[in-house]
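Just below is one structure, and these are the notes that go with it.
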Amino acid sequence: MEDRDQMLGQLVPVGGGDPIPLLKPQLIVGRRPSCDIRLDFANVSSHHCRLEYINGYWRATDLSRNGTKVNGERIDEKFLQSGDTLMFARHPFEIQYTPDPDGVPPEPDDVDPFAMSLLEKAGLGGNPRDRVLPRERPGSSKSKPQPGNSAPKPTTTNNASPPKTPDEDDQALEWLNG
């Protein structure tokens with residue numbers, strides 16, 4: 001039996017280069033020598049992406065901080081169609097394969113809702129380096145003004161209501177605490 005008979009598809013570098021055969025149903029793409037598909041580029045993570053052949057279709061799962069994109073959109077996990085462009089960091093490849101005619105095509109939302117905990121979805125679980133930090137609200141400042149520097153002054157428009165007095169703020173707090 002030839003290697004070509006065992007091939008489940010291939011990754012073809014966009015812009016030229018030798019195609020990379022997809023020979024196993026689960027492959028890790030990354031920079032480490034232990035990866036199934038090694039991409040020796042500084043911006044490719046050590047374990048960048050997992051490719052899985054499921055029911056005759058390839059699924060990509062991002063494992064990196066540098067991002068994996070399919071057809072220009074950053075993904076966490078996505079089933080791939082033959083001809084899709086898969087980008088690891090800034091290195092694009094076209095995936096080519098023939099879907100299994102007996103396989104069940106994946107549904108767009110065919111993802112296990114319990115595969116990730118609510119804390120992980122909120123960016124609070126898993127590896128602390130992967131957590132999403134809350135964004136600063138407009139108008140707030142995390143750094144305190146240094147002595148001698150003036151704090152930014154709020155801007156007003158002609159339609160702005162007059163500033164509230166401390167008494168109005170106290171009354172509002174009393175009403176809320178009821």
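The values are calculated or read from the model by the stated rules, or taken from the named source; none is laboratory data. Remember, predicted model here, so these are calculated numbers, not experimental data. Cβ sites come from the backbone with ideal geometry, for glycine too, and all protein chains shown count toward neighbours.
Within region 32-79, track down each residue that is charged (D, E, K, R) and in contact with an Asp or Glu (Cβ under 6 Å, 6 or more places away or on another chain).
Just the residues of region 32-79 that are charged (D, E, K, R), to begin with: 32, 36, 38, 40, 50, 52, 59, 62, 65, 69, 73-74, 76-78.
Hits for region 32-79 are Arg59, Asp62, Asp76.
If you check Gly16 against the conditions, is it more than 24 Å from Asp100 (Cβ to Cβ), surrounded by 13 or more Cβ atoms within 10 Å (Cβ to Cβ) and of a type in the set (Gly, Ala, Ser)? Steps first, answer last, please.
Working: more than 24 Å from Asp100 (Cβ to Cβ): yes; surrounded by 13 or more Cβ atoms within 10 Å (Cβ to Cβ): no; of a type in the set (Gly, Ala, Ser): yes.
Against the criterion (more than 24 Å from Asp100 (Cβ to Cβ), surrounded by 13 or more Cβ atoms within 10 Å (Cβ to Cβ) and of a type in the set (Gly, Ala, Ser)), Gly16 does not qualify.
Could you check, for region 28-37, whether at least one of its residues is touching a helix residue (DSSP H, G or I) at 6+ places or on another chain (Cβ under 7 Å) and surrounded by fewer than 18 Cβ atoms within 10 Å (Cβ to Cβ)? Before the answer, list the steps.
Going through region 28-37, the residues touching a helix residue (DSSP H, G or I) at 6+ places or on another chain (Cβ under 7 Å) turn out to be none.
For region 28-37, residues touching a helix residue (DSSP H, G or I) at 6+ places or on another chain (Cβ under 7 Å) and surrounded by fewer than 18 Cβ atoms within 10 Å (Cβ to Cβ): absent.
Search region 20-48 for residues that are farther than 18 Å from Arg90 by Cα and pair each with any residue that is charged (D, E, K, R) and at pLDDT 95 or above when their beta-carbon atoms are under 6 Å apart and the residues are at least 6 apart or on different chains.
Gln26/Glu52; Leu27/Asp36
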